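To start, the structure itself, in structure tokens.
Rule-based calculations on the coordinates, nothing more; no lab input. This one's a predicted model, so the numbers in the text were calculated from it and none came from an experiment. Note that each Cβ is placed from the backbone with ideal geometry, even for glycine, and that neighbours are counted across all protein chains shown.
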Amino acid sequence: MQDKVEERSLVNVLNRLRKDGYTYDFKVSGEGTLCTMEDKHTFGPDQVRIVDFYRFEGESDPDDMSILYAVETNNGLRGTISNSYGPYADEKVDNFLKQVEDLGKNLDKKDK
């Protein structure tokens, strides 16, 4: 992945990620799994890795904040999932990505 450059627009970051091969749009299902928008593939937290993330703050409203994650699944699907943060965050997305982060930290500890 390219070095992070200051990106001000969610659209600009999405376009760059798409060029880098992050072509799937993911969501978190009602069952708490990550899935493609078409529901063709589903993944548990142990099958997903967060590659990078980008935070955005609204220019006119500080409550208008979001975060975009670039993720990769264990079978090689690469894509993005976004969420608001703060009071407007989707709790399902937060919970899923927290599990992915925690699993990644535990794997890092095993490597040492």
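How far apart, in nm, are two points set 7 Å out from the Cα along the Cα-to-Cβ line at Lys98 and at Ser84?
A separation of 1.8 nm, rounded to one decimal place.
Please report the net charge: other residues with Cβ closer than 10 Å to the Cβ of Lys92, K and R +1, D and E -1. Please list the in-between numbers first.
Working: positive: Lys27; negative: Glu31, Asp90, Glu91, Asp94.
That sum, taken over residues with Cβ under 10 Å, equals -3.
Taking the simple approach of a point 7 Å from Cα along Cα-to-Cβ for both Arg16 and Cys35, what is their distance in nm?
With each label point 7 Å from Cα toward Cβ, the separation is 3.2 nm.
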